[in-house]
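Notes for the one structure printed next.
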Amino acid sequence: MEILAFGVQADEKPMIEKAFEGHHDVRCLEVFLTEDTAPIAAGYEIVSSSVNADLGGRVLRTLHAGGTRMISQRSTGFNNIDLDVAARLGLTIARVSYYSPYSVAEFAWTLATAVNRRIVRASNRTRDFDFRLAGLMGRDLRGRTVGVVGTGKIGEAFTRIAHGYGMRLLGWDIAENPACLELGMTYVDKEQLFAEADLISLHVPLLPATQRLIDAAALKAMKDDALLVNSSRGGLIDTEALVTELRAGRFAGVGLDVYEAEAGLFFLDKSLEVVRDDTLARLMTFPNVLVTSHQAYYTLDAVGQIIDATVRNVLDYLAGRRSENVLVPADTP
Ligand code: NAD
């Protein structure tokens with residue numbers, strides 16, 4: 001059987017082909033799965049989609065009409081999939097419920113230290129043979145306070161790194177993580193965390209309760225020279241409010257791997273188009289802001305685990321086996 005994989009990055013293609021070797025053929029497409037591209041899947045029983053695919057009702061119906069019966073999404077998140085429509089159509093939907101939390105935690109730490117030590121500005125200067133130091137002063141992290149917002153798998157991995165740097169550990173979560181407590185973390189309310197932390201890193205999921213958790217009031221409560229990192233979901237931060245604070249000269253550094261209006265921008269080459277997003281355009285003008293395009297998970301290890309799970313999902317579907325990765329049909333024990 002031939003599987004059709006959408007949204008495959010050049011680095012991933014050989015990994016996907018190798019993982020399916022000896023099982024099934026796979027056709028890899030660079031284009032993402034959208035209403036426009038869904039008709040390409042006609043005749044493919046099994047389709048694999050990437051994190052930013054549009055798997056709304058219309059796309060699912062197009063896929064179903066073309067003969068698709070199983071979709072294996074290569075991500076943990078599935079907020080892009082209309083599970084109700086999938087269930088009504090009798091589709092099987094699987095995702096990847098676990099992969100390396102270290103990929104994201106290490107990237108969040110990289111953003112924090114990059115903005116703290118002005119690495120991008122330094123690199124731009126030295127490429128220009130400008131070897132001055134003015135404007136490149138950072139701070140030691142040892143002895144300073146980190147505030148970890150969400151201490152689940154990724155937050156815990158991030159806390160371990162901060163602990164290794166000798167930071168005081170503050171956490172905020174609806175549930176305390178024993179491993180973080182063991183590292184010496186103190187759980188506090190979010191107001192205290194915002195007020196005391198020199199580095200704040202966000203690791204809660206995007207839910208109605210966490211939507212714009214970092215609003216104007218939260219930003220104002222933070223130290224003027226705090227470092228703020230978001231590698232979770234863009235909707236956690238009110239970006240307009242962040243721009244207002246940055247314009248006022250606040251924050252030593254801000255690292256953003258996610259952005260609330262990233263859909264239709266991130267993962268794509270927009271370099272030849274007019275920039276229509278004024279907020280993002282303004283964000284890019286601040287020398288203390290570093291924006292990356294949702295690449296925190298993008299390591300050999302995490303992508304390898306995602307691809308291996310995708311192959312397992314396909315083999316499970318064909319063998320009629322259930323696993324914890326299956327979202328639809330819902331488990332009816
Ligand atoms: P997790 O489920 O292990 O941890 C989430 C933590 O958030 C839990 O400890 C939970 O108790 C806490 N939480 C949930 N609701 C809360 C609320 N209302 N208030 C306070 N705390 C709350 O998840 P994880 O694997 O650590 O992933 C965290 C997030 O990272 C994901 O939801 C996703 O948004 C993001 N992520 C980003 C990338 C990337 O490439 N940038 C990749 C993977 C995951």
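Quick notes on this one:
- Hydrodynamic estimate: the Kirkwood radius of region 101-291 over Cα pairs, inserted into Stokes-Einstein at 4 °C and 1.567 mPa s, corresponds to D of 76 µm²/s.
- Exposed loop sites here are trypsin sites (Lys or Arg not before Pro) assigned a DSSP state other than H, G, I, E or B and surrounded by at most 11 other beta carbons within 10 Å; excluding them, the longest clear run of the chain is 143-275.
- Within region 1-106, the chymotrypsin sites (Phe, Trp or Tyr not before Pro) that combine a DSSP coil assignment with at most 13 other C-beta atoms in a 10 angstrom radius are TYR98.
- Aspartates and glutamates whose Cα lies under 15 Å from that of LYS220, excluding same-chain neighbours fewer than 8 positions away: GLU191, GLU196, ASP198, ASP238, GLU240, GLU245
- Coil-residue chymotrypsin sites (Phe, Trp or Tyr not before Pro) of region 121-192, DSSP, other Cβ within 10 Å capped at 15: PHE129, PHE131
- Long-range HN-HN contacts of THR92 with modeled amide H, under 5 Å: MET70, ILE71
- Straight Cα distances below 20 angstrom link LYS18 to the aspartates and glutamates GLU2, GLU30, ASP301, ASP308, ASP316, with same-chain residues fewer than 8 positions distant left out.
- In the chain, the C-alpha radius of gyration followed by the widest Cα-Cα span (Dmax) gives 21.5, 66 angstrom.
- In region 1-90, inverting the average of 1/r over every pair of distinct C-alpha atoms gives 13.1 Å as the Kirkwood radius.
- Shape index of region 191-280: Rg/Rh, with Rg the Cα radius of gyration and Rh the Kirkwood radius from the inverse mean 1/r over Cα pairs, equals 0.98.
- Residue-normalised convex hull volume from the C-alpha trace of region 80-149: 173 Å³ per residue.
- Cross-link partners of LYS13 among lysines, defined as those whose alpha carbon lies under 29 angstrom from its own and excluding same-chain residues fewer than eight positions apart: LYS153, LYS270.
- Distance from the alpha carbon centroid of region 120-188 to that of region 224-291 works out to 19 angstrom.
- What the phi angles of region 246-260 give under the Karplus curve with 6.51, -1.76 and 1.60, with θ = phi - 60°, is a coupling list of 5, 4, 7, x, 8, 6, 6, x, 9, x, 10, 9, 9, 8, 4 Hz, glycine and proline written as x.
Computed from the coordinates by the stated procedures, all read-outs in this text should not be read as laboratory data. From a predicted model like this one, the values you see are computed outputs, not experimental measurements. Cβ atoms come from the backbone with ideal geometry, glycine included; neighbour counts cover every protein chain shown.
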